[in-house]
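Report on the following structure.
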Amino acid sequence: MHTVSEMQLMHMIILDKEVRLLSSLKAGEKCTVDYLKMDGKEKRRMLDLGLIRDTKVEAVLVSPSGGLTAYYIRGALLAIRSEDASRVVVSLS
């Protein structure tokens with residue numbers, strides 16, 4: 001298994017899609033979930049929230065402190081901490 005740094009991931013292009021971290025989205029940007037860089041309880045929680053491969057996500061509102069962002073996921077508006085969102089790899093839609 002190859003490890004990719006966050007900086008490399010932020011600039012990677014795969015199949016003409018820009019691959020980024022969910023935490024890097026600005027309000028109004030849309031993406032598709034590629035994979036989760038976590039395991040255990042954290043991964044289970046994200047999967048339970050609907051963040052599975054090919055799920056469409058839209059960043060709706062970023063808190064002033066930047067520590068929390070509201071995302072539209074599978075018909076629900078969910079707030080996710082930036083710490084958790086930084087381990088969700090997405091491609092821009």
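The values are calculated or read from the model by the stated rules, or taken from the named source; none is laboratory data. Since this is a predicted model, take the numbers as computed values, not measurements. Reconstructed Cβ throughout: ideal geometry from the backbone, glycine too, with neighbour counts over all protein chains shown. Accessible surface areas use protein heavy atoms only, side chains included; no ligands, DNA or RNA. Shrake-Rupley method; radii C 1.70, N 1.55, O 1.52, S 1.80 Å.
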Subject >> Search result, residues across segment 51-74 that are surrounded by fewer than 16 Cβ atoms within 10 Å (Cβ to Cβ), at pLDDT 95 or above and small (G, A, S) >> reply: none
Original post:
Is it the case that some residue within segment 7-14 is outside any strand (DSSP E or B), among the hydrophobic types (A, V, I, L, M, F, W, C), at pLDDT 95 or above and in contact with a helix residue (DSSP H, G or I) (Cβ under 7 Å, 6 or more places away or on another chain)?
Top reply: no
Original post:
When segment 56-86 is examined, which residues are found to be within 10 Å of the chain's Cα centre (by Cα) and not in a strand (DSSP E or B)?
Top reply: S82, D84, A85, S86
**OP:** Using the structure shown, decide if V89 is surrounded by 14 or more Cβ atoms within 10 Å (Cβ to Cβ) and within 11 Å of the chain's Cα centre (by Cα).
**Re:** yes
Original post:
When segment 22-45 is examined, which residues are found to be open to solvent by 70 Å² or more (accessible area, probe 1.4 Å) and either assigned to a loop (DSSP other than H, G, I, E, B) or under 14 Å from L92 (Cβ atoms) (or both)?
Top reply: K26, K30, D39
**OP:** Determine which single condition D48 fails, assuming it passes every other condition in (1) touching a Cys at 6+ places or on another chain (Cβ under 7 Å); (2) exposed (fewer than 13 other Cβ atoms within 10 Å of the Cβ).
**Re:** (1)
